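Input: a single structure, listed below in structure tokens.
The values are calculated or read from the model by the stated rules, or taken from the named source; none is laboratory data. In this text, all values refer to a predicted model and were calculated from it rather than measured experimentally. Every residue, glycine among them, receives a Cβ derived from its backbone with ideal geometry; neighbour counts consider all protein chains shown.
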């Protein structure tokens with residue numbers, strides 16, 4: 001099947017005076033993870049809500065497996081699952097009761113509801129907790145049940161709205177593994193995330209969303225190549241020295257040079273050659289750097305190049321903070 | 001297994017009486033919440049019991065009852081039943097708002113289910129809770145000396161009238177919950193509406209003892225209508241007019257609020 005699973009064309013949605021979606025265009029190929037990446041308020045969740053028929057768009061068109069979300073929402077609802085920050089579960093029901101409720105309301109036959117619930121509880125490692133109210137679940141368990149609920153009707157299209165936000169590293173890894181499994185079985189997954197790493201690891205294609213528009217739409221590797229093939233990061237301490245170095249480099253290099261406090265970041269396509277030039281310029285002025293890193297660009301660099309800001313201040317750092325102790329634990333074992 | 005292929009959406013199969021099935025499932029879910037969260041049931045039972053005791057023993061002696069031949073407790077209890085279901089309906093507002101805030105409503109909206117089942121299921125669950133609470137309050141009433149001076153049919157009819165009124169109020173407060181969208185605000189928004197309806201009425205004291213301007217309000221509102229009708233059914237007197245008057249109020253409320261609530265639900269996120 002070469003036809004797209006989801007087609008979005010000029011989608012618009014306003015909330016009062018705010019244009020949450022300002023003409024979103026997307027084509028999501030079937031059987032893969034498609035990442036919607038962007039900071040809070042970029043329009044990721046609104047896009048998912050429109051595609052899941054929760055919100056009606058003000059303008060534009062969106063089709064899920066050939067069914068228009070505004071004209072035939074019921075046909076769309078029969079083919080989708082929704083999980084993540086947008087959809088919730090009932091804290092007073094047990095895990096099994098929640099799955100049962102979603103199964104019945106998905107119009108599954110009773111016998112199938114029972115069988116499917118047991119199967120998903122097993123698959124998501126929740127069988128032991130199946131008959132406890134959700135109030136007693138940990139955050140990770142609750143999120144797993146949330147995803148399980150969205151899979152009750154075996155939807156060919158799955159919307160995961162920031163599914164790993166607030167999860168620790170171990171739970172995040174487990175969920176990533178489950179998403180890969182679903183895709184290998186043929187499910188199309190539309191995943192929204194603030195985490196660059198998550199989009200990079202899971203998605204076959206990423207649309208970067210900012211201000212209600214798609215500002216880039218490519219494979220992770222080509223997105224990473226966008227800002228240039230080489231990133232040089234330098235720390236230069238001392239009063240005004242970083243600022244002076246930045247001015248000099250901007251004047252002489254003709255490449256992207258950014259400064260954040262005492263850190264300079266240079267992105268370029270000219271590889272090692274640029275490094276020699278940078279050091280020559282700085283050495284001539286006695287501005288030798290305290291630290292220097294030459295690396296491949298990350299999606300964060302791509303995001304920075306596209307939007308002029310880091311993706312979600314804190315979100316990336318959050319990931320790093322959570323990853324660091326885990327690594328340390330691994331070492332001490 | 002080829003039968004579980006993802007290319008065949010399960011929901012395509014037709015389930016007969018889908019609306020009924022969806023509604024019963026939502027009802028079941030809300031009733032489970034009442035069982036598992038005892039605070040909800042305690043809130044809707046302990047408070048009316050305190051009202052019975054206060055009005056019966058603290059205020060009752062001071063209430064003049066022109067034209068009422070029985071003790072105050074026989075005047076009071078019909079008002080208590082009505083008050084109980086009215087205040088109980090705040091739970092409907094809180095429940096709708098909680099689901100809206102938690103995102104459960106969002107999940108329902110992305111499911112191929114009947115739209116009205118969410119409200120119908122919620123109000124049916126509240127109706128079942130009211131059956132329990134009204135029977136409990138009747139028992140409390142008998143314990144403090146309440147007597148039915150008509151017949152078993154009058155008692156049952158009075159109970160049914162209270163339940164119909166409570167059901168209508170559930171739709172009103174489902175709308176409040178959806179309009180407010182936040183459980184704390186739903187509770188805060190409900191009380192200022194309910195207090196005048198319940199206390200500036202014929203539920204606890206005869207309307208005739210109020211100043212003229214207040215009588216105008218108290219005589220023309222649904223709490224008075226329900227309390228008066230239930231009182232006629234349990235203490236005696238002409239019943240037909242007052243009972244129809246109360247039923248007309250309830251149907252009027254349902255005709256206005258059921259479509260309004262469903263429309264609010266369609267618009268709410």
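Observations, loosely collected:
- Qualifying position, being modelled with pLDDT under 95, under 14 Å from the mean Cα position of the chain (by Cα), buried (at least 17 other Cβ atoms within 10 Å of the Cβ) and over 22 Å from residue B:49 (Cβ atoms), among B:133, B:176: B:176
- Per this entry, residue A:183 is counted among residues that are at pLDDT 85 or above and surrounded by 16 or more Cβ atoms within 10 Å (Cβ to Cβ).
- Selected residue (criterion: surrounded by the most Cβ atoms within 10 Å (Cβ to Cβ)) from residues of segment B:140-155 that are over 12 Å from residue B:232 (Cα atoms) and touching a residue at least 12 places away in the same chain (Cβ under 8 Å): B:146
- Taking the criterion of being touching a residue at least 24 places away in the same chain (Cβ under 8 Å), part of a helix (DSSP H, G or I) and under 20 Å from the mean Cα position of the chain (by Cα), the residues of segment B:209-233 that qualify are B:222, B:223, B:225, B:226, B:227, B:228, B:229, B:230, B:231, B:233.
- For segment A:244-257, the count of residues that are closer than 23 Å to residue A:299 by Cβ and free of Cβ contacts under 8 Å to residues at least 40 places away in the same chain is nonzero.
- Residue within segment B:180-189 that is without any contact (Cβ under 8 Å) to a residue 12 or more places away in the chain and either closer than 24 Å to residue B:42 by Cα or surrounded by 21 or more Cβ atoms within 10 Å (Cβ to Cβ) (or both) present: yes
- Among the residues of segment A:56-88, those that are crowded, with 20+ Cβ neighbours inside 10 Å and within 7 Å of another protein chain (Cβ to nearest Cβ) comprise A:77, A:78, A:79, A:80, A:82, A:86, A:87, A:88.
- Note on segment B:15-43: among residues that are at the interface with chain A (Cβ under 8 Å from one of its Cβ atoms) and part of a loop (DSSP other than H, G, I, E, B), the one that is modelled with the highest pLDDT is B:37.
- Flag for residue A:142 being free of Cβ contacts under 8 Å to residues at least 12 places away in the same chain and assigned to a helix (DSSP H, G or I): no
- When residues in segment A:148-180 are screened for being more than 16 Å from the chain's Cα centre (by Cα), more than 12 Å from chain B (Cβ to nearest Cβ) and within 11 Å of residue A:82 (Cα to Cα), 1 of them pass.
- Exclusive hit being out of contact with any strand residue (DSSP E or B) (no Cβ under 8 Å at 6 or more places or on another chain), within 27 Å of residue A:8 (Cβ to Cβ) and assigned by TED's automatic domain parsing to the domain that holds residue A:18, set A:153, A:184: A:184
- From the list B:55, B:68, B:59, the one residue that fits, being buried (at least 23 other Cβ atoms within 10 Å of the Cβ), modelled with pLDDT under 95 and in contact with a helix residue (DSSP H, G or I) (Cβ under 9 Å, 6 or more places away or on another chain), is B:55.
- Enumeration of residues in segment B:50-108 that are assigned to a loop (DSSP other than H, G, I, E, B) and more than 14 Å from every other protein chain (Cβ to nearest Cβ): B:63, B:64, B:65, B:66, B:67, B:68, B:69, B:70, B:71, B:89
- Residue A:61 vs. criteria within 29 Å of the chain's Cα centre (by Cα), part of a helix (DSSP H, G or I) and assigned by TED's automatic domain parsing to the domain that holds residue A:187: no
- Of all residues in segment A:98-125, those satisfying the criterion of being at the interface with another protein chain (Cβ under 10 Å from one of its Cβ atoms), outside any helix (DSSP H, G or I) and touching a helix residue (DSSP H, G or I) at 6+ places or on another chain (Cβ under 7 Å) are A:106, A:107, A:108.
- Filter pass, residue B:122 being without any contact (Cβ under 8 Å) to a residue 12 or more places away in the chain, buried (at least 21 other Cβ atoms within 10 Å of the Cβ) and in a helix (DSSP H, G or I): no
- From the list A:92, A:40, the lone residue that is touching a residue at least 24 places away in the same chain (Cβ under 8 Å) and more than 10 Å from chain B (Cβ to nearest Cβ) is A:40.
- Being more than 29 Å from residue A:210 (Cα to Cα) and either out of contact with any strand residue (DSSP E or B) (no Cβ under 8 Å at 6 or more places or on another chain) or not assigned by TED's automatic domain parsing to the domain that holds residue A:193 (or both) is a description that does not apply to residue A:269.
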